[in-house]
Amino acid sequence: MNLEKIYSELLLNIGFSANDIQKNWQDLEKTYSTKSRHYHNLTHISAMIESFETYRDKLQNPNEILFSIFYHDFVYLASKKDNELKSAEYALAILPENISINRQLVFDAICATQQHQHNDIEDINWLIDFDLKILAKDWEDYKIYCEQIRKEYRIYPDFLYKSGRAKALKHFLENEFIFQTDEFQNLYEEKARINIEKEISLLT
């Protein structure tokens, strides 16, 4: 997948200048490629875009959702709890004034990837599901994901990490559904719950 091409075509389509596109891509690529990003990197963005391409026809505002995919983890510090808010603020800050995109939708969509709760806007539910699809991977791939997340939180000792991670995972299980769209619920809900329950058992 040529992320730069997808990104450049999107920004050109919504009204960015060629110079701004190049600069913004360089900033984005550098940010997502830092050594501390073991999971929240360009590979994660690519996986989300694969889902986006599959379900693009379901979206009312595909440009806003694709832009949100690129920026939803732009700010990512394991020690902070406002990464999504900061990412949303950054995404809006780089948007030129006269541009054909729904700023409020972009802001709300990125912020929604913090709690992953059902949203009144169906496009945002699709974005949340694209973000969480990793939870329904085959176990061997899911284990790699777990290891990558642990590396991102390596500043925390095991006793803190394990309790915090287990708490976050149990929160998913307490919801009626992990996924927000009917499509993802039908395809991935059962597998995701099995994976999460298995990870919790390994953490406790």
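Only one of these is among the aliphatic types (A, V, I, L, M), surrounded by 18 or more Cβ atoms within 10 Å (Cβ to Cβ) and assigned to a helix (DSSP H, G or I): ILE110, ILE101. Name it.
Of the residues listed, the single one that is among the aliphatic types (A, V, I, L, M), surrounded by 18 or more Cβ atoms within 10 Å (Cβ to Cβ) and assigned to a helix (DSSP H, G or I) is ILE110.
What's the number of the only condition in (1) loosely packed, with under 15 Cβ neighbours inside 10 Å; (2) farther than 20 Å from ASN2 by Cβ that GLU53 fails to meet?
Result: GLU53 fails condition (2) only.
Looking at (1) surrounded by 15 or more Cβ atoms within 10 Å (Cβ to Cβ); (2) over 16 Å from GLN104 (Cα atoms), can you tell me which one ILE65 breaks?
For ILE65, the failing item is (2).
Across segment 32-42, what is the number of residues that are surrounded by fewer than 13 Cβ atoms within 10 Å (Cβ to Cβ) and more than 18 Å from TYR90 (Cα to Cα)?
Adding up the residues that qualify gives 1.
With respect to GLU29, is the statement that it is under 16 Å from the mean Cα position of the chain (by Cα), surrounded by fewer than 18 Cβ atoms within 10 Å (Cβ to Cβ) and free of Cβ contacts under 8 Å to residues at least 60 places away in the same chain true?
Taking the combined requirement at face value, the residue satisfies it.
Taking the criterion of being farther than 21 Å from ALA168 by Cβ, out of contact with any Phe, Trp or Tyr (no Cβ under 6 Å at 6 or more places or on another chain), modelled with pLDDT under 95 and polar (S, T, N, Q), would at least one residue in segment 18-28 satisfy it?
Yes, segment 18-28 has at least one match.
So that you can scan it fast, the table gives a plain yes or no per residue for (1) closer than 12 Å to ASP131 by Cα; (2) under 12 Å from the mean Cα position of the chain (by Cα):
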residue	(1), (2)
TYR55	no, no
LEU59	no, no
ILE65	yes, yes
PHE74	no, yes
ALA78	no, no
GLU97	no, no
LEU105	no, no
CYS111	no, yes
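Name the residues in segment 116-149 that are more than 22 Å from LYS58 (Cα to Cα) and among the basic types (Lys, Arg), would you?
Correct list: LYS137, LYS143.
Confirm whether ARG165 is touching a Leu at 6+ places or on another chain (Cβ under 7 Å), among the charged types (D, E, K, R) and either without any contact (Cβ under 8 Å) to a residue 60 or more places away in the chain or not in a loop (DSSP other than H, G, I, E, B) (or both).
yes
If a residue has to be of a type outside the set (Lys, Arg) and open to solvent by 60 Å² or more (accessible area, probe 1.4 Å) to count, how many in segment 158-201 make the cut?
Selection size over segment 158-201: 16.
Those residues that are under 21 Å from TYR32 (Cα atoms) and among the acidic types (Asp, Glu), I need them from segment 80-107; list them, please.
Passing the criteria: ASP82, GLU84, GLU89.
With the requirement that a residue be open to solvent by 20 Å² or more (accessible area, probe 1.4 Å) and assigned to a helix (DSSP H, G or I), what does segment 116-130 give you?
Scanning segment 116-130 gives a single hit, GLU122.
For ALA78, which of the numbered conditions (1) at pLDDT below 95; (2) open to solvent by less than 40 Å² (accessible area, probe 1.4 Å); (3) of a type outside the set (Ser, Thr, Tyr); (4) not in a loop (DSSP other than H, G, I, E, B) fails to hold?
Here ALA78 meets the rest and fails (4).
Determine, yes or no, whether LEU12 is of a type in the set (A, V, I, L, M, F, W, C), open to solvent by 70 Å² or more (accessible area, probe 1.4 Å) and part of a helix (DSSP H, G or I).
yes
The values are calculated or read from the model by the stated rules, or taken from the named source; none is laboratory data. Please read all numbers here as calculations on a predicted model, not as lab measurements. So basically every Cβ, Gly included, is an ideal-geometry build from the backbone, and we count neighbours across all protein chains shown. Side chains are part of the model used for accessible areas, which takes the heavy atoms of the whole protein and leaves out ligands, DNA and RNA. Shrake-Rupley method; radii C 1.70, N 1.55, O 1.52, S 1.80 Å.
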